[in-house]
Amino acid sequence: MKLTQEQIEAYETDGYILLEGLFSPDEAAVMKSRLPRLFKLDRDEVIKEKSGAVRTVFAAHTFDEVFARVARHPRLIDPARQLLGSDVYMHQFKVNAKAAFNGDVWQWHQDFGTWHEDDGMPEARAMNVAVFLDEVNEFNGPLMFIPRSHKRGRIEASHDRSTTSYPLWTLDNAKVAELVAEGGIVAPKGRAGTVLIFQSTLVHASSPNLSPWDRNTLYVTTNSVDNAITRFKRPDFIAHRDFTPIETLDDHCLAGFDQAVA
Ligand code: SIN
Ligand code: MN
């Protein structure tokens with residue numbers, strides 16, 4: 001799969017691109033069918049909200065057959081290679097649940113802030129490739145971006161260990177207000193199966209999910225193989241240490257899996 005020149009330019013200019021319906025409803029349903037089993041697992045990789053609902057499942061590609069394939073899917077990995085101009089490895093793989101009524105806030109941040117501070121990632125040569133596993137609408141806590149904020153490079157941040165159950169390097173309100181005055185805020189939405197690719201220095205956040213609709217999102221974080229992390233402070237299920245280039249599978253690698261809940 002190849003991005004068009006127009007898509008590449010939008011990614012460079014705005015910091016993100018939305019690929020509507022890149023996965024079929026059937027493929028999205030196969031991925032989603034794996035979640036109930038994963039959410040019940042008693043493992044360190046399953047992070048709970050303060051409410052007890054599941055917030056994130058890390059590294060599901062290491063213990064689920066479908067996600068093992070998703071982690072090598074050409075529709076996710078080819079665009080990352082193309083945009084980074086190199087082979088890529090998997091820095092992080094996670095599902096954020098953002099459950100109906102219970103999904104909690106993600107404060108304004110840049111991912112590169114955390115990857116640099118905590119994992120010693122040298123340059124902003126990594127990106128998130130997100131797959132909507134549910135429809136994302138204006139009510140269920142969509143990701144919010146400040147377009148073009150990635151052009152600022154790494155912005156000073158402080159370590160928030162208390163707002164949510166998961167520590168994050170977050171931006172202060174004055175800086176967010178300044179960036180929004182320039183770039184505004186967008187919240188890309190779409191049906192299950194839509195893919196959203198964004199730069200690691202793009203400032204983003206999401207509100208709590210007060211709607212009755214779950215907002216499960218899968219994040220494949222690819223990093224250039226020339227930009228491997230240098231600090232191993234966080235568990236390897238959060239910041240992977242296998243820097244082997246990803247070898248992609250066939251485009252139809254999700255065919256034949258059952259969509260019934262596993
Ligand atoms: C993230 O910023 O890593 C996740 C945000 C979200 O899923 O809303
Ligand atoms: Mn983030």
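The table that follows gives values for the structure above.
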read-out: Residue list for region 135-145, restricted to those being within 12 Å of ligand 1 (Cβ to nearest atom) and open to solvent by 10 Å² or more (accessible area, probe 1.4 Å); value: 142, 143, 144
read-out: Scope region 160-204; condition under 22 Å from residue 9 (Cβ atoms) and in a helix (DSSP H, G or I); matching residues; value: 179, 182, 183
read-out: Residue tally, condition without any contact (Cβ under 8 Å) to a residue 24 or more places away in the chain and hydrophobic (A, V, I, L, M, F, W, C), over region 243-262; value: 1
read-out: Test: residue in region 108-118 that is touching a residue at least 24 places away in the same chain (Cβ under 8 Å), in contact with a strand residue (DSSP E or B) (Cβ under 8 Å, 6 or more places away or on another chain), open to solvent by 20 Å² or more (accessible area, probe 1.4 Å) and within 11 Å of ligand 2 (Cβ to nearest atom); value: yes
read-out: Enumerated strands (runs of 3 or more DSSP E) restricted to region 96-146, each holding at least 2 residues that are touching a Gly at 6+ places or on another chain (Cβ under 9 Å); value: 126-132
read-out: Region 128-150, subset touching a helix residue (DSSP H, G or I) at 6+ places or on another chain (Cβ under 9 Å) and within 13 Å of ligand 2 (Cβ to nearest atom), residue nearest to residue 195 (Cα to Cα); value: 129
read-out: Hey, residue 183 more than 11 Å from ligand 1 (Cβ to nearest atom) and crowded, with 19+ Cβ neighbours inside 10 Å or not; value: yes
read-out: Test result for residue 88, more than 16 Å from ligand 1 (Cβ to nearest atom), aliphatic (A, V, I, L, M) and more than 16 Å from the chain's Cα centre (by Cα); value: no
read-out: Inter-residue pairs, beta-carbon under 7 Å, first farther than 16 Å from residue 128 by Cα and in contact (Cβ under 8 Å) with a residue 24 or more places away in the chain and in region 216-242, second away from ligand 1 (no atom under 16 Å from the Cβ) and part of a strand (DSSP E or B), 6+ apart; value: 242/89
read-out: Residue list for region 70-107, restricted to those being surrounded by fewer than 21 Cβ atoms within 10 Å (Cβ to Cβ) and at positive phi; value: 85, 101
read-out: Extreme residue, most open to solvent (accessible area, probe 1.4 Å), among residues of region 214-258 that are in contact with a helix residue (DSSP H, G or I) (Cβ under 6 Å, 6 or more places away or on another chain) and basic (Lys, Arg); value: 233
read-out: Given (1) in contact with a helix residue (DSSP H, G or I) (Cβ under 9 Å, 6 or more places away or on another chain); (2) within 16 Å of ligand 2 (Cβ to nearest atom); (3) among the basic types (Lys, Arg), number of the condition residue 191 does not satisfy; value: (2)
read-out: Hey, residue 79 more than 16 Å from ligand 1 (Cβ to nearest atom), touching a residue at least 12 places away in the same chain (Cβ under 8 Å) and touching an Asp or Glu at 6+ places or on another chain (Cβ under 7 Å) or not; value: no
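Per-residue answers, yes or no, for (1) under 17 Å from residue 70 (Cα atoms); (2) outside any loop (DSSP other than H, G, I, E, B):
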site: 215; (1), (2): no, no
site: 222; (1), (2): yes, yes
site: 236; (1), (2): no, no
site: 254; (1), (2): yes, no
site: 257; (1), (2): yes, no
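The values are calculated or read from the model by the stated rules, or taken from the named source; none is laboratory data. Predicted model, so just to flag it, every value in this text is computed and none were measured. For neighbour counting, all protein chains shown are included, and Cβ atoms are generated from backbone atoms with ideal geometry for every residue, glycine included. These area figures cover heavy atoms from the full protein model, side chains too; ligands, DNA and RNA do not enter into them. Shrake-Rupley method; radii C 1.70, N 1.55, O 1.52, S 1.80 Å.
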